[in-house]
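The values are calculated or read from the model by the stated rules, or taken from the named source; none is laboratory data. Note that the structure is a prediction, hence the values are computed from the model and not measured. No Cβ is skipped: glycine too gets one built from the backbone with ideal geometry, and neighbour counts run over all protein chains shown. These accessible areas exclude ligands, DNA and RNA; they are computed on the full protein's heavy atoms, side chains included. Shrake-Rupley method; radii C 1.70, N 1.55, O 1.52, S 1.80 Å.
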Amino acid sequence: MGEETNKEKTGGRSLIKKIYSRLEPRSIQGLLLVSFTIVTVLSMIFVGTTLYSTFRGRLKRAYAQGNDAIVTQTGQKLESLLRDMRVLSDTLNYTVLKNLDLEDEKVSSDLELLYESNKNDVVSMAIYSEEGELIATSPAAAPNPHANPCEQDWFISALLKPENQHFTPPHVQNLFAGKDNMGRWVISLSSASYMTRGGRPENGVILVDMDYSYVEAMLENIDAGGSGGYFYLCTDDGDLIYHPRYMQIASGLESEDSSLAAGLTDGIHQSVRYGGKKQTVIVYTVSYTGWKLISIVPERGFLSESDTTGYFLLLVMQLTLLMAILLNRLISSRISSPIRLLTASIRDKEVSGDQVPKVYIGGSGEVRYLGRTLQKLLNQISFLMRDIVSEQEDKRKSELDALQSQINPHFLYNTLDSIVWMIEGGRNKDAVFMVSQLASLFRISLSQGRTIIRVEEELRHAENYSNIQKIRFRNSFETIFDVDKDVLNCCTVKLVIQPILENAIYYGVKELGDEGRIVIRGRREGDDIFIEVEDNGLGMQYSQVEQILTERGRRHAKGSGVGLINVHSRIRLRFGNEYGLKIWSEPDEGTKVTIHLPYIPYNDGNLRMLENGKPRGKDPAGDATGSDE
Amino acid sequence: MRDKMQTPENRGLIAIITLLIMGIILCAVLMGRAGIEKKPYRISVIVDDVTGTSRESLTAGLKQGALEKNVRLNYVTSYIQGDLEKLEDLMEQEIDNGAGALIVQLPSSNETRDMLFRISGKVPVELIETDGERSEEDMALIGCIEADSQSLGREMASSAASLYGGSLKGIRIGLLAGNVRTSALRDRQRAFEDEVKKLGGNLTWTLTGTDTLSERFEDKMATDKVDIIISQEEKLTLMAGRYKEDNGADYKLLGLGSSIDNLAYLDNRVTDMLFSVNNYQMGYMAVVDTAEVLENRYSGMKNRTISFSKVTADNIYSEDHQKLLFPFIK
């Protein structure tokens, strides 16, 4: 189970990696563009969300406060209307009925006067006796014989609480006969009255009916201000008095949770779970009646219900995103352009000794610096390449010369001639000696094609040569070897001592008769070895010494034909420029040639390194002293 | 340049930019369309005596529905006396005048299949008060809103019996059946007659149709008096009530009615009981359902059953009844 989960996790991670690697931008410009765009979008989202919530919250509060103001204003207007009714009722009660006897005709005329001056919103005014008898009414109307006022709430509550005035919720008035008086919606105000009839005091009830359509029109004209909300009026029990969808609710097509709203205190109640949605409910209690004027403002409605608003927001977001992408593209292009030009100037270009690509140098300071540095680098590479080519050329030339000199036909011919002469002269022992020396000489010369041999071998080679020449030149000189044991097992390039020895014989001691002496010494000094070939011969002028190691010195000489410059070059090419030959000479005193080599013990590793052309100290595998394998 | 465009990054960028531009254009178009004030739907209402006082509740419901659904109503009173050909001509005329849908009161439910098939092929049709013969294919484009006539018929019979202690045995009953060419009144009559039989009664006479009904009624009253008259139609209830008041007749009167005149007779105890269909609801739902189909043709017309109330002089002004019987008309 755990394995499966791990496999799933690994699989999921590798899928994510795969997707990421496919979508990841390949260029700096792409990376910049994606980064800028992501930053822009995230900032937009953050700012947009923050602003939207802040704006929405404020708008919601503003709407709520606006609606609260409307509710308060409307409530006050309604109170004013109801107050007017009360004033009218009081006028009838205290001005007319208190001062007049009911049997006085003036009661009816005063009643009519009062009605006429208020008939815009008053449907009727009536005076009833305590027994429910209609005493007077304006406009004039016969009582409905089938309606008993004494059984109606307005009448009962007026007599029950004579100190108060009583408002009824809107209802259809049925107190008066006739089809024209049928079906009128009114709000009734009733109050008890102490009247005088025929000089006797009696109780009665005053009824003032206000036209409900007046209230209905006032409430219908309330502007919800585009918030998507609505207003309604209900009793404190939640019974609807006015509702914009009153008939739909009465028909059972819709419902309104008016009892919940009526149960709330006055003021703004936000985020109330009302009608299945979160809404803001604003409550205002109309004084004296206890009716509740309710405003319902949906929390989401005014911001999201408008199609146009939604499309507009979407359009703005897309437009902003498009502009951000284009702008970011421009900026990233400007930033990355110098880098691209720099890359293009060196892409697929070759550096050679003759040809250096021209690097683009431009853009910001950093890119310019990069370009200049790159150009310098390429120039240096070109120069080094030229150097290497030249070096390789020199090496090739030198080694070719050395190769050629491994078997010098002139020397071989002379030596064989000498051997023949010895055999013919019966000097067989000398002839055998000569042959063996010659064989040794050529064996070491060839050294199975190796360029690097032991110093010991090189010395033997020199000895073989010296012995052959001594016989040829009838022992007119002596050769002494004085070499430290330390030095014998070191690496050297082959054919370095013999050419010097040859020069010493031909240009030094040959003309000295029997007094010629050549000493070959070898010693170690730290990490260097020095092999000296000193003769007591004719010596050279200083000017000659200077020229020996130049191109002029490369001319073919007698003998092996390998000049000192060749030796010098081969040593430097193999081991480095700090090594090679040093020549001292004094006319009539002699000449000393010092071979300076690095101290590199002869072993397989060092041999491989040197044969491969890696000079001392530059072998990345280890130090110049090499490693024993 | 072409190579530059071919890189995956540039292709992706071009794709995103293209999508955004298309999205912007789409939003702009939708905004433009949403901003354009929607033309109101036009619906013609072809109902007998549509502007009369007996239709106040119905027209109040129609108006409220029209207000909410952005509908322009055109009222056509059909004095066609049951002539379906004339009705069809009237409907075609309204369609030619630009009506997007029709609300129709059929004078007869017989042989309406072809006519309804033809008309519903052009515009949606809402039938009110009574259904007609129609084929299965028309169901999506023809709706019907009517009262539950069978329940109404049964209720009329049982309410009549309640005035006589629960039985109609030995009671002389006259039935003003009205236009029984409509399925509503036919069903009502059948249900009433069945219930009367169950309650032990028998109909003394039944008057059907609309032509010369008033004269035939008067003749019946002169020659064949009854104890109780049940009326299935508003106008007939009014006629019977008027006759009763004018002639001092002493029959009990029960009938369909919700007009102010019928209510006045009820209030004055001329009529003993009224059965009031919620005409406001009928009118309102007729417009709302039709408008919904005009907004979305795939939604299909609906059939609805409207409630009715039993109203007496004692409860005419009850809180529920006064809302129903005296709708506040703006």
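A few notes on this one:
- Residues satisfying the stated conditions in region B:62-81, i.e. within 14 Å of another protein chain (Cβ to nearest Cβ) and touching a residue at least 40 places away in the same chain (Cβ under 8 Å): B:62, B:63, B:64, B:65, B:66, B:68, B:69
- Selected residue (only one of A:359, A:367 is under 24 Å from the mean Cα position of the chain (by Cα) and either more than 14 Å from residue A:34 (Cα to Cα) or not in a helix (DSSP H, G or I) (or both)): A:367
- Boolean, residue B:229 is within 12 Å of another protein chain (Cβ to nearest Cβ), crowded, with 18+ Cβ neighbours inside 10 Å and of a type in the set (Val, Ile, Thr): no
- Of all the listed residues (B:264, B:240, B:286), the sole one being without any contact (Cβ under 8 Å) to a residue 12 or more places away in the chain, within 28 Å of residue B:50 (Cβ to Cβ) and under 24 Å from the mean Cα position of the chain (by Cα) is B:264.
- Condition check for residue B:235: assigned by TED's automatic domain parsing to the domain that holds residue B:172 and not β-branched (Val, Ile, Thr): yes
- Yes/no for residue B:251 being in contact (Cβ under 8 Å) with a residue 24 or more places away in the chain and either under 16 Å from the mean Cα position of the chain (by Cα) or open to solvent by 20 Å² or more (accessible area, probe 1.4 Å) (or both): no
Results for (1) crowded, with 18+ Cβ neighbours inside 10 Å; (2) more than 60 Å from the chain's Cα centre (by Cα); (3) not assigned by TED's automatic domain parsing to the domain that holds residue A:356, shown as yes or no for each residue.
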position	(1), (2), (3)
A:381	no, no, no
A:396	no, no, no
A:412	no, yes, yes
A:437	yes, yes, yes
A:457	yes, yes, yes
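For every residue, the table says whether it meets (1) within 30 Å of residue A:321 (Cα to Cα); (2) open to solvent by less than 20 Å² (accessible area, probe 1.4 Å); (3) facing chain A (nearest Cβ under 9 Å).
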position	(1), (2), (3)
B:21	yes, no, yes
B:28	yes, no, yes
B:42	no, no, no
B:45	no, yes, no
B:55	no, no, no
B:60	no, yes, yes
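- When residues in region A:31-53 are screened for being polar (S, T, N, Q) and open to solvent by less than 60 Å² (accessible area, probe 1.4 Å), 4 of them pass.
- Residue A:28 within 14 Å of another protein chain (Cβ to nearest Cβ), touching a residue at least 12 places away in the same chain (Cβ under 8 Å), of a type in the set (A, V, I, L, M, F, W, C) and open to solvent by 50 Å² or more (accessible area, probe 1.4 Å): yes
- Test: residue in region A:160-167 that is free of Cβ contacts under 8 Å to residues at least 60 places away in the same chain and crowded, with 17+ Cβ neighbours inside 10 Å: yes
- Residue check, residue A:72 under 20 Å from residue A:229 (Cα atoms) and either in a helix (DSSP H, G or I) or of a type in the set (D, E, K, R) (or both): yes
Residue by residue, here is whether (1) aliphatic (A, V, I, L, M); (2) modelled with pLDDT of 90 or more holds:
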residue	(1), (2)
A:556	no, no
A:562	yes, no
A:599	no, yes
A:613	no, no
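- When we screen A:186, A:205 for residues that are within 14 Å of chain B (Cβ to nearest Cβ), crowded, with 16+ Cβ neighbours inside 10 Å and modelled with pLDDT of 90 or more, the only hit is A:186.
- Enumeration of residues in region B:257-293 that are aromatic (Phe, Trp, Tyr) and not in a strand (DSSP E or B): B:265, B:280, B:284
- Candidates B:92, B:68, B:85 - the one that is more than 23 Å from residue B:147 (Cα to Cα), at pLDDT 90 or above, surrounded by fewer than 21 Cβ atoms within 10 Å (Cβ to Cβ) and in contact with a helix residue (DSSP H, G or I) (Cβ under 9 Å, 6 or more places away or on another chain): B:92
- The sole residue among B:147, B:140, B:161 that is open to solvent by less than 20 Å² (accessible area, probe 1.4 Å) and out of contact with any strand residue (DSSP E or B) (no Cβ under 8 Å at 6 or more places or on another chain) is B:161.
- Those residues of region B:172-187 which are within 22 Å of residue B:312 (Cα to Cα) and either touching a helix residue (DSSP H, G or I) at 6+ places or on another chain (Cβ under 8 Å) or open to solvent by less than 10 Å² (accessible area, probe 1.4 Å) (or both), in sequence order: B:173, B:174, B:175, B:176, B:177
- Enumerated helices (runs of 4 or more DSSP H) restricted to region A:470-589, each holding at least 3 residues that are of a type in the set (Val, Ile, Thr) and buried (at least 17 other Cβ atoms within 10 Å of the Cβ): A:564-575
- One residue stands out in region A:208-225 among those that are over 30 Å from residue A:163 (Cα atoms) and open to solvent by 60 Å² or more (accessible area, probe 1.4 Å): the one that is modelled with the lowest pLDDT, namely A:223.
- The lone exception for residue A:178 - which of (1) outside the structural domain of residue A:121 (by TED's automatic domain parsing); (2) open to solvent by less than 60 Å² (accessible area, probe 1.4 Å); (3) not aromatic (Phe, Trp, Tyr) it fails: (1)
- Region B:310-330 - residue that is within 11 Å of chain A (Cβ to nearest Cβ) and touching a helix residue (DSSP H, G or I) at 6+ places or on another chain (Cβ under 7 Å) and, of those, most open to solvent (accessible area, probe 1.4 Å): B:329
- Residue in region A:86-93 that is away from chain B (no Cβ under 14 Å), open to solvent by less than 50 Å² (accessible area, probe 1.4 Å), within 30 Å of residue A:289 (Cβ to Cβ) and among the β-branched types (Val, Ile, Thr) present: yes
- Residue within region A:323-344 that is within 14 Å of chain B (Cβ to nearest Cβ) and more than 28 Å from the chain's Cα centre (by Cα) present: no
- Test: residue A:118 is in contact (Cβ under 8 Å) with a residue 12 or more places away in the chain and open to solvent by 10 Å² or more (accessible area, probe 1.4 Å): yes
- Taken together, the criteria place residue B:305 among residues that are closer than 20 Å to residue B:158 by Cβ, within 13 Å of another protein chain (Cβ to nearest Cβ), open to solvent by 30 Å² or more (accessible area, probe 1.4 Å) and outside any helix (DSSP H, G or I).
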